[in-house]
Amino acid sequence: MNTMITCFRRLADWLFRVPPLPDPDEQRRRAILARVAVFLIAGCLALLLNTLLSYDFGQLLSGAFLADLEQFPGAVQMFLGSAFGLAGLLVIFGLNRLSLGQLGWLPGFGLLVTVTGMVAFADTPREVIDGRSLMLWVLPIALAPLILPAWTAFLAATTSTVAISALALSIGDEGNWYSLLALYAIAFVSWLAANALEGALRSARHEAEKNRVIVENVADGVLVVDQGGAIQIANPAARRLLGADLEQAASQVESRLESPGRIVEFSWAQIQGVGRAAVLRDITRQVEIERAKDAMLGTVSHELRTPLAAISGFAEIIGLLSQNEKISEMAARITANAGRLKGLVNSLLDQAQIQAGTLKLSSEMVSPARLAMDIRDLMGGLAQEKQLAFEVFVHPQTPETVEGDAERLHQVLVNLVGNAIKFTERGTVSLRMYELPEKKWGFSVSDTGDGIPAARLPDIFEPFRRGADYATRPRQGAGLGLSISKQLVELMGGEISVQSESGQGSTFEVCLPTNRRLV
Amino acid sequence: MSDSPLVLIIEDDADLVRLYEVLLSLVCTSIHTDVCMDGKTGLERVQREPEPRLILLDLHLPHVQGTEIYKTAREKTSSTIVVVTADVLAAKDMLSTADHVVTKPFDALMFKDFLVKLLKH
């Protein structure tokens, strides 16, 4: 069954084949013409065979069958008309398979003449002109705008009218003028329909051409692949970016293709009914910069940490071994300052990693209550040193566990609580944890410190900013803590905000999802 | 703790080597140390007898990287290996494979206590 369908398809493809033509309108007309010609040839063949098969070989050879046919009105005309039509249609069928250049109109024009001729000889002249064959005259008029430009419907109508009038005169009849007018009415409708069709096609082609020109000229590569993996569109930028890797790119699903000396980034999108499409970008330089930056960070970090380890290590040992109180005290100061440097190196590394987008968060089950207790234990001593009250309050409704990166949450809390203690001279620092609607939870850190002047609030989370001018403040720090905290919270899918008034203390609030989607 | 455990130090920074030696001497006066100051000699040393009880291994070393030495030492010896590195990203990567990872700078006294614990086992 499948073989039959395949054979049939191949036969149809062969029969309806038209050479490739530069004008899309002519291409469309010639394709329709090929189909019309094949169906008309089949019709003519059927009519001829119907007659021929009724007679034996001798009758056909001697022409005796024609004398026999004369007994039936119109039969001879139909036979001869079909034979004439078949011959003409075969010639047109052959012509239509050639490109013909400037003579591209010839097959369509030939078909019109042939069909008009066939109709004129389809019956006895009287039957042809008196309206019985009117229906047949519609055929060339309706066909004309499909296989030739739209206005040729009128040419076909005029030719038909002339043919009918000639037939009428030849038998001394006045003819049927209403039928002739009807032919022009049909020509008019046919012309309207063809014009509308051509207009629609023109604007669709214009739109498609506009889109094609845009796709061809955009700076980014555009690659469209159908469901079978065949390339539908690859604009010049895509071809330039991919070079010999074009075919490989069509089958790839990854967002990056690396070839020697070039890295191309793909943003794939599924497009229903088409397949998938990608925008391509050359990110070689960007990746090189990122890699160089990572390498530099690694090196700088390494080169700072190694001597720091020696400085703080020896200082601790000196402090441990020394019997002299002054030396012990100085060793402790070295250790403390090395600790500050270590904190700064860590902050710089975090900041650089966040900005480069290379900071990875882990995902684990974290207990907010446990976290709060850890912070109380860790920071309590620091508050006590400044004689501040440190309150930790975990609301009973706070989720028992949430999904998140425990180490980074801890870092944010240490930053916020550390800042609160640092900038508060008397009073209280409080940490509160609570549940929030829409599967969220949060915590707030408030203090009774100096507060932040309104003018400083907008850029409080910017890196290297401090609540007041660095030189006039006695407190230490590079001003990275809040910036890193904000970026970490945002990476966790949360938000951080601050409320403060000069002299009234500050409150930092963090809101986080309980189920963190991995960023 | 056995009488005189052998500790292999693979570290290219001379000051840190000295720091380790001082810390180890505080752990136990009879400790023997072997020092390799580049990756190549470190790699050769871990494949040779006598087998150290403990290896203090840096990751970024001249000639051969510490990760490679770690792999070989893990295959050829039953020594306890402590990776001590200043590269926090490499340290994170090593966490899944290495027994012990310490990042520089570390708290020297806590590190000493940690060495005591390791050498006791």
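The values are calculated or read from the model by the stated rules, or taken from the named source; none is laboratory data. Since we're looking at a predicted model, the values are computed, not measured. Backbone-built Cβ (ideal geometry, glycine too); neighbour counts: all protein chains shown.
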task: Give just the number: which of (1) modelled with pLDDT under 80; (2) buried (at least 20 other Cβ atoms within 10 Å of the Cβ) does A:LEU183 not satisfy?
output: (1)
task: Would you be able to say whether some residue in the stretch B:16-27 is over 20 Å from B:VAL101 (Cα atoms) and away from every other protein chain (no Cβ under 12 Å)?
output: no
message: Suppose we filter the stretch A:133-151 for residues that are outside any helix (DSSP H, G or I) and closer than 28 Å to A:ASP23 by Cα; how many remain?
response: 4
query: So which residues in the stretch A:277-303 are in contact (Cβ under 8 Å) with a residue 24 or more places away in the chain and among the basic types (Lys, Arg)?
result: A:ARG281, A:LYS293
- line: Scanning the stretch A:209-231 residue by residue, those more than 29 Å from A:GLU288 (Cα to Cα) and either aromatic (Phe, Trp, Tyr) or in a helix (DSSP H, G or I) (or both) turn out to be A:GLU209, A:LYS210, A:ASN211, A:ARG212, A:VAL213, A:ILE214
task: Please find, among B:SER30, B:SER4, the residue that is within 20 Å of B:ASP113 (Cβ to Cβ), more than 15 Å from the chain's Cα centre (by Cα), away from chain A (no Cβ under 13 Å) and surrounded by fewer than 15 Cβ atoms within 10 Å (Cβ to Cβ).
output: B:SER30
message: Restricting to the stretch A:321-371, count the residues that are more than 23 Å from A:VAL510 (Cα to Cα), more than 11 Å from chain B (Cβ to nearest Cβ) and free of Cβ contacts under 8 Å to residues at least 12 places away in the same chain.
response: 12
query: Looking at A:ALA315, A:ALA310, A:ALA372, A:ALA338, which is the one that is surrounded by 14 or more Cβ atoms within 10 Å (Cβ to Cβ), more than 59 Å from the chain's Cα centre (by Cα) and not polar (S, T, N, Q)?
result: A:ALA315
task: Scan (1) more than 16 Å from A:ASN346 (Cα to Cα); (2) within 9 Å of another protein chain (Cβ to nearest Cβ); (3) β-branched (Val, Ile, Thr) for the single condition A:ILE318 breaks and write down its number.
output: (2)
task: Could you figure out which of (1) hydrophobic (A, V, I, L, M, F, W, C); (2) surrounded by fewer than 17 Cβ atoms within 10 Å (Cβ to Cβ); (3) out of contact with any strand residue (DSSP E or B) (no Cβ under 6 Å at 6 or more places or on another chain) isn't true of B:LEU95?
output: (3)
task: Please identify the pairs in which a residue from the stretch B:96-111 that is closer than 14 Å to B:VAL17 by Cα has its Cβ atom under 8 Å from the Cβ atom of a residue that is polar (S, T, N, Q) and modelled with pLDDT of 90 or more, counting only partners at least 6 apart or on another chain.
output: B:LYS104/B:THR85; B:PRO105/A:SER312; B:ALA108/A:SER312
query: When A:LEU180 is evaluated against the numbered criteria (1) under 18 Å from A:TRP105 (Cα atoms); (2) part of a helix (DSSP H, G or I), which criterion, by number, is the only one it fails?
result: (1)
Whichever residue in the stretch B:73-121 is among the hydroxyl-bearing types (Ser, Thr, Tyr) and within 14 Å of B:ILE10 (Cβ to Cβ) and, among such residues, is nearest to the other protein chains (Cβ to nearest Cβ): B:THR85
